[in-house]
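Engineer: Before I ask anything, here is the structure I am working with.
What follows draws every value from the coordinates through simple rules; no lab data is involved. Quick caveat, the model's predicted, so the values are computed rather than measured. Note that each Cβ is placed from the backbone with ideal geometry, even for glycine, and that neighbours are counted across all protein chains shown.
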Amino acid sequence: MNFTRLLSAASGALLITGALAAAAHAAPAEIEIDVRSSVTGRGLSKMASVAVKDNRGQSLASAVARASAPLRQRFQVPPGLHRLEVDVPGHNGIRVALDTPAGKRLPVKVWLDPEETPNELRPEVVKQKTIATKTMLHGHVIDDATGEPLSGATVTLELTKSKTHTDANGYFVIYGAPQLGAKAPDPDLPSSDNLVVQRAGFKIHRIVGTPLIASDNTHFIIEMETGTGSTERDDTHKLVKETQQAILRKAR
């Protein structure tokens, strides 16, 4: 599903335009709000206060924090330009303008920055885990349907042959060896490996072309989909792609 993505902005309002305003008597628009942590990917909807207001500041729809709240909350509002307000305790809230389409559903994923960085992501903690000759790949694995962390997921690097598992917070750390990765066509560009996440009941998630740079670290938020089969995304370095394309053009 394609989501409009909204990030909290410390400076104030952020404008995201979804579609052109509809006629005055058009069918209502449906907004589907999914609130997540921008650093762990964890769902925050149960703690979120959400309000949709018109241009005069009057409430069109709202929801207060409650334990029974679904991950994705839905609101029906008149089409046009509205103001979305989302607040979660311990996070920087967001105030955003949304142009809602008549008779359509607009999925919106709101990413809120926490006021405090989780311990595992504090710079001093990450620095202590960094190894000079290896690439530190770490991240949080989340159930996309519930927004909850997935413990016990198996994380592997196909070429480095490394393996680890996620903890109770869905967090993992794994190390890639640049010398064992797939070589780039240009020796000045980084080698790469494929990061694979597996857990029973979920599709296999593959991130291909993950760059391996010694003493560097990369953090991932991995949203796992229930079902069978696999999902894949390509993280191949931009310069590696350009070099590969240039080689193919010369070969023709």
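Engineer: If you place +1 on the Cβ of every Lys and Arg and -1 on the Cβ of every Asp and Glu, how big does the dipole about the Cα centre of the stretch 139-190 come out, in debye to the nearest 20?
Structural biologist: Working: 3 positive and 7 negative charges, 59 e Å.
Charge dipole of the stretch 139-190: 280 debye, to the nearest 20.
Engineer: Give me, ordered by chain and number, the residues 5 or more places off residue 98 or on other chains with an amide H under 5 Å from its own placed amide H.
Structural biologist: Long-range HN contacts for residue 98: 82, 83, 84.
Engineer: About the Cα centre, and with charges only on the beta carbon of Lys, Arg (+1) and Asp, Glu (-1), how big is the dipole of the stretch 183-245? Nearest 20 debye, please. Intermediate values should be presented prior to the final figure.
Structural biologist: On the way: 7 positive and 10 negative charges, 46 e Å.
For this selection, approximately 220 debye.
Engineer: State the extension gain, in nm to one decimal, for the chain segment bounded by residue 198 and residue 238, taking 0.36 nm per residue of separation less the distance between their alpha-carbons. Walk me through the numbers before you get to the answer.
Structural biologist: Values: separation 40, 0.36 × 40 = 14.40 nm, distance 2.66 nm.
In short, 11.7 nm is gained.
Engineer: Take the alpha-carbon centre of the stretch 190-210, take the same for the stretch 56-125, and report the distance between them in whole Å.
Structural biologist: Measuring centre to centre over Cα atoms gives 30 Å.
Engineer: I'd like to know which of 39, 106, 91 lies farthest towards the positive end of the charge dipole of the stretch 33-156, counting +1 on Cβ of Lys and Arg and -1 on Cβ of Asp and Glu.
Structural biologist: Comparing the listed Cα positions along the dipole, 106 ranks first.
Engineer: Using each residue's phi in the stretch 58-63, evaluate 6.51 cos²θ - 1.76 cosθ + 1.60 at θ = phi - 60° and report the 3J(HN,Hα) Karplus result to the nearest Hz, with x for Gly and Pro.
Structural biologist: 7, 6, 9, 6, 7, 8
Engineer: Tally Lys and Arg at +1 and Asp and Glu at -1 over the other residues with C-beta under 15 Å from the C-beta of residue 212: what net charge comes out? Mind dumping the intermediate values first?
Structural biologist: Details: positive: 134, 161, 183; negative: 158, 186, 188, 193, 216, 235.
In short, -3.
Engineer: Let me ask something else. Which entries in 109/163; 183/203; 163/238; 161/183; 129/238; 129/203 show an alpha-carbon gap greater than 23 Å?
Structural biologist: Details: 109/163 31 Å; 183/203 28 Å; 163/238 27 Å; 161/183 16 Å; 129/238 27 Å; 129/203 29 Å.
Listed pairs above 23 Å: 109/163; 183/203; 163/238; 129/238; 129/203.
Engineer: How would you rank 223-233, 39-49, 105-115, 119-129, highest first, on the average number of other Cβ atoms within 10 Å across their residues?
Structural biologist: Working: 223-233: 13.3, 39-49: 20.5, 105-115: 18.4, 119-129: 11.7.
Those peptides, ordered most packed to least, come out 39-49, 105-115, 223-233, 119-129.
Engineer: Given a Förster distance of 25 angstrom, what is the FRET efficiency for residue 179 paired with residue 126, based on the Cβ-Cβ distance and rounded to 0.05?
Structural biologist: Values: r = 23 Å, r/R0 = 0.90.
Once the sixth-power term is evaluated, E becomes 0.65.
Engineer: To the nearest 20 Debye, how big is the dipole of the stretch 90-157 about its Cα centre, given +1 on the beta carbon of each Lys and Arg and -1 on that of each Asp and Glu? Walk me through the numbers on the way to the answer.
Structural biologist: Numbers: 8 positive and 9 negative charges, 50 e Å.
My answer is approximately 240 debye.
Engineer: Separate question: Note down the nm distance, to one decimal, between modelled labels 7 Å out along Cα→Cβ at residue 26 and at residue 38.
Structural biologist: 3.0 nm
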